[in-house]
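Visitor: I am attaching a structure below and will ask some questions about it afterwards.
The values are calculated or read from the model by the stated rules, or taken from the named source; none is laboratory data. Everything numeric in this text was worked out from a predicted model, so none of it was measured. Using ideal geometry, Cβ is built from the backbone for each residue, glycine included, and neighbour counts are taken over all protein chains shown.
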Amino acid sequence: MTLRPESYIDYPRWPQLAREAYSLDLSHVQEKLPDKVDGIVISGMGGSGIVGDIVRDYLSLIGYDKPIIVVKDLQLPKFVTSRNFLVITISYSGNTTETIRCFEECVKHNIPVVAISTGGKLEELAKQHNAPHVKIPKATAPRYGLPCLLYPTLRIVGLVEKSLESKIREHAESSIKAIEEAAEDYLTHFKDLSKRLVNKIVMIYIPQPLISIGTRFKNDMNENAKQPVVVCPLPESEHNDIAIHVRKFDFLEVMLVRSKSLEGTEYEKHVNAVEQVLKQYGIDLHLINLKGDNVLAEIMYGITLLGMLTIDVAHLVGVDPVKIEVIDNIKKYVSK
Ligand code: F6R
């Protein structure tokens with residue numbers, strides 16, 4: 001099955017963008033990386049910031065035992081300045097105030113920092129301060145350029161944590177295949193689901209270790225279809241969100257995400273429990289079974305499939321998925 005490029009924006013190009021971004025020359029970055037780090041900080045907002053969530057979930061699930069701090073804020077946590085962390089600042093445009101501030105903080109406190117962007121002020125600042133900058137390929141908008149942002153970040157992690165390098169390469173390759181599989185599966189099995197989600201609020205129940213998929217789905221639905229989503233992490237939502245199901249809401253649709261990577265863990269028990277209980281309360285659940293032979297592949301499978309779904313919802317509700325007028329408006333007030 002082939003994707004019609006015009007209807008799914010950059011998604012048909014994701015495998016190609018991922019391969020291109022993964023093979024960028026990073027020798028200038030490698031030269032400047034510290035030999036050893038106490039942890040990794042990833043700073044970025046929105047479509048750039050999601051890279052931090054993905055990398056945190058992925059590294060945690062493969063057993064990386066150092067802190068991975070995701071910063072979606074105007075400042076770095078204070079403890080970062082006193083330890084040997086590597087900070088990766090990511091901004092697709094290179095012009096996001098919050099990310100620029102974090103970069104500047106690194107310069108001020110002499111913290112090793114790498115900048116990733118298509119250009120913008122971040123590139124200029126990196127040049128000015130002799131910090132490594134990765135210039136990534138362009139897409140239609142930051143969120144559609146996820147592979148361009150994610151794969152170089154994974155490479156950098158592999159360069160600084162050498163023992164993970166070959167594993168990351170192998171997982172990255174199969175995650176690109178998972179993107180292809182997700183696009184196929186979406187068109188064959190999930191496209192009709194978009195009709196059910198029109199003007200609805202989706203609650204997405206998802207195991208906490210894979211929360212990046214839920215966050216990305218929420219952000220995509222917000223930005224593409226201009227619709228709200230409630231992300232319900234398991235087990236926490238078993239203690240609050242789930243309580244609402246004694247009432248019936250016409251505006252609600254419920255999804256549950258299952259992962260093979262979490263089979264045999266306590267999380268599987270929680271996913272099964274939630275499925276069973278929601279059925280008892282008459283909820284017509286939409287099950288999303290992640291595919292992929294490692295956790296990165298599962299994450300990219302879920303993100304691709306659910307992202308395409310939000311584009312179809314956008315088309316069905318009659319909004320332009322690319323335009324994000326309100327975000328552009330707010331940036332005028334806060335940009336430096
Ligand atoms: C737009 C999008 C936004 C941006 C965010 C930060 O497609 O996804 O969430 O990513 O406003 O901008 P950048 O990525 O340029 O730093």
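Visitor: Pick from LEU159, LEU154: which is surrounded by fewer than 20 Cβ atoms within 10 Å (Cβ to Cβ) and closer than 22 Å to GLU31 by Cα?
Guide: LEU159
Visitor: Please go through the stretch 65-90 and pick out each residue that is buried (at least 21 other Cβ atoms within 10 Å of the Cβ) and at pLDDT below 95.
Guide: Once the filter is applied, which keeps residues that are buried (at least 21 other Cβ atoms within 10 Å of the Cβ) and at pLDDT below 95, the stretch 65-90 yields only VAL80.
Visitor: Can you find even one residue in the stretch 47-64 that is outside the structural domain of ASP220 (by TED's automatic domain parsing), surrounded by fewer than 19 Cβ atoms within 10 Å (Cβ to Cβ), among the hydroxyl-bearing types (Ser, Thr, Tyr) and within 18 Å of the chain's Cα centre (by Cα)?
Guide: Looking for residues that are outside the structural domain of ASP220 (by TED's automatic domain parsing), surrounded by fewer than 19 Cβ atoms within 10 Å (Cβ to Cβ), among the hydroxyl-bearing types (Ser, Thr, Tyr) and within 18 Å of the chain's Cα centre (by Cα), one finds at least one in the stretch 47-64, hence yes.
Visitor: Out of (1) within 20 Å of SER23 (Cα to Cα); (2) surrounded by fewer than 17 Cβ atoms within 10 Å (Cβ to Cβ), the odd one out for THR140 is which?
Guide: Unmet condition: (1).
Visitor: Which residue out of ILE111, ILE40 is part of a strand (DSSP E or B) and β-branched (Val, Ile, Thr)?
Guide: ILE40
Visitor: Okay, next question. Among the residues of the stretch 61-89, which ones are closer than 23 Å to ASP328 by Cβ and in a loop (DSSP other than H, G, I, E, B)?
Guide: LYS72, ASP73, LEU74, listed by residue number.
Visitor: Right, another one. Of the residues that make up the stretch 90-100, is at least one away from the ligand (no atom under 16 Å from the Cβ) and not in a helix (DSSP H, G or I)? Steps first, please.
Guide: If we filter the stretch 90-100 for residues that are away from the ligand (no atom under 16 Å from the Cβ), which is where we start, we get none.
No, because not a single residue in the stretch 90-100 is away from the ligand (no atom under 16 Å from the Cβ) and not in a helix (DSSP H, G or I).
Visitor: List the number of the failed condition for ILE9; all other conditions in (1) within 16 Å of the ligand (Cβ to nearest atom); (2) touching a residue at least 40 places away in the same chain (Cβ under 8 Å); (3) not in a loop (DSSP other than H, G, I, E, B) hold.
Guide: (3)
Visitor: Looking at (1) more than 13 Å from the ligand (Cβ to nearest atom); (2) in a helix (DSSP H, G or I), which is the one condition that is false for VAL134?
Guide: The one condition VAL134 does not meet is (2).
Visitor: Cβ-Cβ below 6 Å, separation at least six or inter-chain, first residue in the stretch 93-105 and of a type in the set (Gly, Ala, Ser), second more than 6 Å from the ligand (Cβ to nearest atom) and modelled with pLDDT of 95 or more: which pairs?
Guide: Every condition considered, the pairs that remain are SER93/GLY120; GLY94/SER117; GLY94/GLY119; GLY94/GLY120; GLY94/LYS121; GLY94/LEU122; GLY94/GLU123.
Visitor: Quick one: count up the residues across the stretch 156-192 that are among the small types (Gly, Ala, Ser) and either on the phi > 0 side of the Ramachandran plot or in contact with an Asp or Glu (Cβ under 8 Å, 6 or more places away or on another chain) (or both).
Guide: 3
Visitor: Identify, from the list LYS323, LYS332, the residue that is modelled with pLDDT under 95 and either over 30 Å from PRO12 (Cβ atoms) or not in a helix (DSSP H, G or I) (or both).
Guide: One residue alone meets the criteria, LYS332.
Visitor: Which fully enclosed strands (runs of 3 or more DSSP E) of the stretch 204-293 have 1 or more residues being closer than 23 Å to GLY49 by Cα? Don't jump to the end; show me each part of the working.
Guide: Details: elements: 229-234, 252-258, 286-289.
Correct list: 229-234, 252-258.
Visitor: Given the options GLY63, GLY49, GLY39, name the one that is touching a residue at least 12 places away in the same chain (Cβ under 8 Å) and out of contact with any strand residue (DSSP E or B) (no Cβ under 6 Å at 6 or more places or on another chain).
Guide: GLY49
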